[in-house]
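Here the structure comes first, spelled out in structure tokens, and everything after it is commentary.
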Amino acid sequence: MLKFHLKDLCAYPHARTEGTDPEAGRLQRAPLAAIVIIGLVFALFTYLYGLGSAHILRNGDELVYMQITRVTGTANQWLPLQSDMPDMRNTKPPLLFWQGLLSTDWGAHWSLWALRWPSVMWTFGTALLCGLLGWRLSGRDLFKGALAALFYLAFFTTYRYGRPYLTNPPETFWVFACFFTILWWKPRSFDSRFVFPTILGVLAGMALLTKSFAQLLPIVVGLACWHLHVRGWRVGAFVRASLPGIVWTGLLSLGMFSLWFVLDPEPAAIWREFVVGENIGKMGGEVGSWFKGLLWGGDSVWRLWGSWFSNAGLLAFPLFGMMVESWRHRRTLPDGERLLWIWVFAIFIVFCIPSERSGRYLLEGMPALAVVMATRCHHVGRYAFVLSLSAVIAVLLPIGWLSLLLAREVGVQAFPWWHWPLVVTGAAFAAAAIARPRWTAMGSATAVLSVFLSLAGFLSVFDKPLGVFNSVVTEATVGRVVWVPENFRSVAEQYRFLLPRAVVRGYPAALKMPHAGIRGPDDFVVIRRPLDAPAPESAIGSRIHLTSRHTARQIWEMATGSVQKHLFAREWVVAPPGSLPMR
């Protein structure tokens with residue numbers, strides 16, 4: 001087992017400055033504080049850069065939500081939600097879609113940036129709660145508070161799911177706000193019979209209206225476990241003093257969620273599509289198959305537990321070290337840290353119940369882990385952070401290599417001017433943090449953010465001008481039907497940003513062409529071909545497409561040099577028969 005020795009402490013250890021000049025201690029700490037502050041500013045730029053790009057890290061559900069928002073806005077009414085796909089109107093409660101309607105002014109300013117910037121605000125709101133809680137639990141240490149926020153922003157899934165137009169950013173904020181509120185005002189919040197349970201009910205209700213009524217279960221379980229812990233795990237005291245308040249919290253939040261059924265003119269559709277299709281359906285299968293899936297397969301409990309580390313990304317090593325350290329000192333942990341660990345275990349146990357177990361279900365627990373990492377980072381062995389910094393260098397080098405390969409094809413000028421210095425500086429900073437023990441923990445999160453921004457700089461090449469169609473194509477397709485390839489539901493939605501005045505329709509990408517029976521004689525078709533393949537007949541323009549959903553063999557071939565073959569493709573817009581080519 002890994003051993004984390006005291007001599008390898010990576011944060012500022014107070015014990016080493018006892019008896020020294022306080023002013024000297026502040027001077028020693030100033031560079032570390034500067035790293036954290038610069039890291040927070042750098043994080044804001046990293047999260048905002050490329051927000052309007054079609055090539056950010058995201059989840060396919062974003063396109064579904066965009067489509068529902070667009071069609072609902074066209075109907076010019078809040079409810080019922082609308083969609084072009086049968087039985088896909090009520091895939092989520094209305095708050096996210098209402099957010100999109102407001103941020104785009106009911107579609108008048110329809111853009112990826114307008115849809116996504118509220119997600120970044122929710123994410124930074126959660127980071128603020130992490131910072132405040134880290135500050136409180138560390139004895140009002142501003143340095144540890146800022147570090148908690150920075151760790152949260154440096155988690156891979158925070159960056160991946162905290163920027164797109166998804167339910168995760170507001171959902172995580174509202175759920176964590178429940179536990180932040182009760183921990184911040186402890187012990188008064190635990191003794192309250194009405195005021196705090198009401199506040200928690202409203203916060204939980206917002207979470208339910210953002211994601212699902214099923215979100216109430218982990219919240220209630222987490223609150224119950226916290227109250228049991230505070231009551232010394234005495235069931236009688238819990239029933240008398242805490243249970244009524246928790247019940248009231250649950251009823252109030254469910255009452256808020258039920259407003260959706262009351263206000264929507266089609267409540268039966270909500271029951272069929274959302275309650276049954278999106279929630280009860282995920283329980284799935286017979287008891288025997290449920291137990292088999294619990295222990296084996298892609299949705300096993302072991303994979304769900306590993307999701308804590310995949311969610312942390314390059315910070316998985318210090319997360320593991322922090323877990324080991326907390327377990328070794330579990331009997332002497334401060335009460336605030338104990339409560340956060342109880343919440344982490346509660347959410348994990350709850351989401352072992354569905355037959356579909358996704359690491360995204362654990363995102364609401366990541367803020368708690370970020371806070372504990374910040375408050376206990378000086379107890380974690382330095383080499384855990386060294387491994388993260390080494391991983392940063394190991395990822396930046398391939399990004400730089402792929403960038404060079406692509407630059408040979410499209411030219412260096414296609415990249416942002418700062419891309420090349422950032423890749424070099426990020427690797428150099430990570431190496432410096434490894435060489436200087438006092439920088440190791442503090443610099444790890446900032447180094448990870450440099451990976452995110454370097455990747456965004458690489459992907460930006462596939463925006464203008466390489467990743468968009470030229471003016472000839474956009475003018476020729478005005479008001480015309482354009483068939484585009486889809487390898488996932490609602491993928492056609494992204495082409496509405498590329499061809500904003502066309503009538504976009506999707507066809508299965510595996511067919512290579514839409515069926516002649518559904519394609520009109522005047523319809524345009526987007527055809528996807530290898531990058532070096534000749535243009536099809538009657539093509540009027542093209543763009544470079546970044547492919548996805550690669551097989552294991554394709555990934556291996558890309559790693560051994562066949563990048564162009566598998567990572568890039570060219571999409572051609574083919575005019576209908578009889579049209580004059582306009583290349």
- Of L404, F469, A445, which is farthest along the charge dipole of the stretch 394-519 in the positive direction, counting Lys and Arg as +1 and Asp and Glu as -1 at C-beta? F469
- Task: Estimate the FRET efficiency between R140 and R330 by the formula 1/(1 + (r/R0)^6), using the beta-carbon distance for r and 25 Å for R0, to the nearest 0.05.
- Result: 0.50
- Query: Hey, rough spin-label estimate for A237 and I518, points 7 angstrom out along Cα→Cβ, what's it come to in nanometres?
  - Reply: 6.4 nm
- Message: Heavy atoms only, 1.4 Å probe, whole protein assembly: order K186, K211 by accessible area, highest first.
- Response: K186, K211
- Message: If you fit an axis through the alpha-carbon atoms of helix 437-459 and take the longest principal axis of the Cα set of the chain, what angle between them do you get, 0 to 90°, nearest 10?
- Response: 10 degrees
- Degrees between helix 382-410 axis and first principal axis of the chain (Cα, 0 to 90, nearest 10): 10 degrees
- Between L79, N279, W174, whose Cα lies farthest towards the positive end of the dipole of the chain when Lys and Arg beta carbons carry +1 and Asp and Glu beta carbons carry -1, centred on the Cα centre? W174
- Note on the structure: Note on the chain: contact order normalised by length, alpha-carbon pairs under 8 Å, 6 or more apart, percent, works out to 16 percent
- Item | Estimated [θ] at 222 nm from DSSP helical runs (n ≥ 4, -39500 (n - 2.57)) normalised by residues in the chain, nearest 500 | -18000 deg cm²/dmol
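Which percent, nearest 5, of DSSP beta bridges in the chain are antiparallel?
Rounded to the nearest five, the antiparallel share is 65 percent.
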- Query: To the nearest 20 debye, what charge dipole does the stretch 369-491 have about its Cα centre, counting +1 at the Cβ of each Lys and Arg and -1 at the Cβ of each Asp and Glu?
  - Reply: 500 debye
- For the pair I353 and R272, what calculated FRET efficiency results from E = 1/(1 + (r/R0)^6), where r is the Cβ-Cβ distance and R0 = 25 Å, to the nearest 0.05? 0.65
- How much solvent-accessible surface does F180 expose, in Å² to the nearest 10, with a 1.4 Å probe and all protein chains in place? 20 Å²
- How far apart, in nm, are two points set 7 Å out from the Cα along the Cα-to-Cβ line at R193 and at R501? 6.8 nm
- Task: Return the long-range amide H neighbours of G506 (sequence gap of 5 or more, or a different chain), with a cut-off of under 5 Å between placed amide H atoms.
- Result: V484
- Query: How long is the gain from E537 to A394 if the chain were fully straight, where each residue apart is worth 0.36 nm and the alpha carbon distance is subtracted?
  - Reply: 47.1 nm
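When a/c reaches 1.5 or more, the comparison of a/b and b/c decides; with that in mind, is the stretch 470-536 rounded, prolate or oblate per its Cα gyration tensor? Numbers along the way, then the final one.
Working: a/c = 1.29, a/b = 1.12, b/c = 1.14.
Verdict is rounded for the stretch 470-536.
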- Query: Does the stretch 143-218 classify as rounded, prolate or oblate by the C-alpha gyration tensor (a ≥ b ≥ c root eigenvalues; a/c under 1.5 gives rounded; else a/b over b/c gives prolate, otherwise oblate)?
  - Reply: oblate
- Message: Between F488 and W248, what is the label-point separation in nm under the 7 Å Cα-to-beta-carbon projection?
- Response: 4.4 nm
- Peptides 518-525, 531-538: what's the order by average Cβ count within 10 Å, highest mean first? 518-525, 531-538
- Query: Using Cα atoms only, what is the angle between the long axis of helix 419-435 and the major principal axis of the chain, expressed in degrees (0 to 90) to the nearest 10?
  - Reply: 20 degrees
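Which shape class applies to the chain: rounded if a/c is under 1.5, otherwise prolate when a/b exceeds b/c and oblate if not, where a ≥ b ≥ c are the square roots of the Cα gyration tensor eigenvalues?
oblate
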- Please list H329, H109 in order of solvent-accessible area, largest first, computed with a 1.4 Å probe with all protein chains present. H109, H329
- Item | Formal net charge of residues neighbouring P416 (Cβ-Cβ distance under 13 Å; K, R +1; D, E -1) | 0
- Lysine pair count for the chain [Cα-Cα under 22 Å; pairs on different chains or 8 or more apart]: 8
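Among residues other than Y495 whose Cβ falls under 10 Å from its Cβ, what is the net charge (Lys/Arg +1, Asp/Glu -1)?
For residues surrounding Y495, the net value is -1.
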- Which is farthest toward the positive dipole end of the stretch 307-396 among V372, I342, H329, measuring Cα position about the Cα centre, with Cβ charges +1 (Lys, Arg) and -1 (Asp, Glu)? H329
- Only Lys, Arg (+1) and Asp, Glu (-1) charged, at Cβ; the stretch 69-195 dipole about Cα centre in debye: 400 debye
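Taking the Cα centre of the chain as the origin, how large is its charge dipole in debye, to the nearest 20, when only Lys and Arg (+1) and Asp and Glu (-1) carry charge on their Cβ atoms? Let's see the in-between values first.
Numbers: 53 positive and 34 negative charges, 257 e Å.
For the chain, the charge dipole is close to 1240 debye.
The values are calculated or read from the model by the stated rules, or taken from the named source; none is laboratory data. Just so it is clear, the model here is predicted, and its values are computed rather than measured. Here Cβ is always computed from backbone atoms with ideal geometry, including for glycine, and neighbour counts include all displayed protein chains. Areas reflect the complete protein model, heavy atoms only, side chains present, ligands, DNA and RNA absent. Shrake-Rupley method; radii C 1.70, N 1.55, O 1.52, S 1.80 Å.
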